Every structure is written in C-alpha cells, then in structure tokens.
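The values are calculated or read from the model by the stated rules, or taken from the named source; none is laboratory data. For clarity, every value in this text was computed on a predicted model and none was experimentally measured. All Cβ positions, glycine included, derive from the backbone under ideal geometry; neighbour counts span all protein chains shown. For the accessible areas, the whole protein counts, side chains as well, though only heavy atoms, and no ligand, DNA or RNA atoms are used. Shrake-Rupley method; radii C 1.70, N 1.55, O 1.52, S 1.80 Å.
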Amino acid sequence: MHQQRVQNPKLKPLIGFLVIVGIVAAVLLDSFLAQLLTALVSEKVAAIVFWALGLCIAMFVLRRFVLSYSYLLSGSVLRVSHAYGRYERLIDDVYLNTLVAFGTPDELKRRYPDARVQRAVLKRCPLETRAVVYRNDHKLSMILFQPDETICKTLEEKLAR
C-alpha cells in the first residue's frame, strides 16, 4: 500500500499573518457592503448578499489554503480523495482491472473526448499532471491528478500486461 498527499506549500509566518489579515479585511468589507446595501434595498437582500459573499470568501480560503488531495494505491485500487486537514472525502475508486489508458491529459482528452473528467490537481504543486481513463459503470471516466513515480510506475505496469 502506498499513499501520496498532494498539498499546497506551507506558508511562511509573515505570509500567513498577511493572509489572515486579508481574510479579516475581506469579511469586514463584506459586512460594510451589506450595511450600505441595507440603506438602498431591503434587509433580506442585503443579508443574502452578505452570506453569498461570505460563502465565496470561505470557499476561496478552503480551496487555496486548506484543500489537498490524497492518492492511495493498494493492491487492486487507486483511491483518489479530497482532503481537508485530517478529513477525507472520496472522489472515486479506480479499480486497476478497469484501466483503459494512462498518460498526459491533452493526449487522453483527444483520444477519449466523451470521458467524464474529474480533477484532483493543485496548481501550485510541482508534480506533473497526469490522467487516467477507466471504465466506471460501463462509461469512460477520467481523473486528472499528480502522481509520484511509484503510482505512475504501477499504473504503467498494469496497462502493459
């Protein structure tokens, strides 16, 4: 069994402090905007705008600073998951006996244009983005991910057989 976690680089203390200050400033700006809107429109509309912007701020912070991906390769399955701290949420299980192709995303998107694509990629991760196409409920699915050498080698060997 081999597990790989792809995550954003750790923040330096000064950058982390500036990020926190930026988040607090964004929330305060959201609150101020909601107060201004209360004078122009009803309180319900201002509250909806406040919560919608707050949700956008929270999603940005989660995706940019908290989200990571976990790839777990066991005997016959590659499990790809979202990871939020110590909590993981499954994206999909790729059974190795259902593999169709493994390679670069551009090549596989050209060869399998009808495959449903799921992403498990971080932009700031230095690892190369790869794609795996597999059969899922008699349909083709594709996962874009950033595997290490061990996972790449295992998938290539499985397809060579």
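Here are a few things to note about the model shown:
- Length gained when the stretch PHE17-ARG89 is fully extended (0.36 nm per residue, less Cα-Cα span): 23.1 nm
- Full-extension gain in nm, MET59 to ASP114, via 0.36 nm per residue minus C-alpha separation: 16.9 nm
- The C-alpha atoms of region 1-144 occupy a region whose extents along the principal axes are 61, 37, 26 Å, arranged from largest to smallest.
- With a cut-off of 13 Å between beta carbons, the residues surrounding LYS139 carry a summed charge of -1, where Lys and Arg count +1 and Asp and Glu -1.
- The chain: most fluctuating residue of GLN35, GLN118, GLN146 per GNM, C-alpha cutoff 10 Å: GLN35
- Cα-based helix-to-principal-axis angle, 43-61 vs the chain, degrees rounded to 10: 40
- Tilt relative to the chain, helix 149-160 - C-alpha long axis, 0 to 90 degrees, to 10: 50
- Cα gyration tensor shape of region 42-100, rounded if a/c is under 1.5, else prolate or oblate by comparing a/b with b/c: prolate
- Region 48-152: relative contact order as a whole-number percent, Cα under 8 Å and 6+ apart: 19
- Mean residue ellipticity, 222 nm, helices only, the chain: the sum of -39500 (n - 2.57) across DSSP H runs of n ≥ 4, divided by residue count and rounded to 500, is -13500 deg cm²/dmol.
- Taking 0.36 nm per residue of separation and subtracting the current Cα-Cα distance, fully stretching the chain between THR98 and LEU33 would add 18.2 nm.
- Per residue value of the accessible surface for the chain (all protein chains in place, 1.4 Å probe), Å²: 66
- With 10 Å bins from 0: P(r) over region 76-161, alpha-carbon pairs, percent: 16, 53, 28, 3
- The protection proxy used here, the mean number of other Cβ atoms lying within 10 Å of each residue, ranks peptides 61-68, 75-82, 13-20 as follows, highest first: 75-82, 61-68, 13-20.
- Accessible carbon and sulfur surface of the chain relative to its total accessible area, %, 1.4 Å: 61
- Figure legend: label point modelled 7 angstrom from the Cα of ARG161 along Cα→Cβ; residues of region 121-150 with amide N under 19 Å from it are 132-136, 150.
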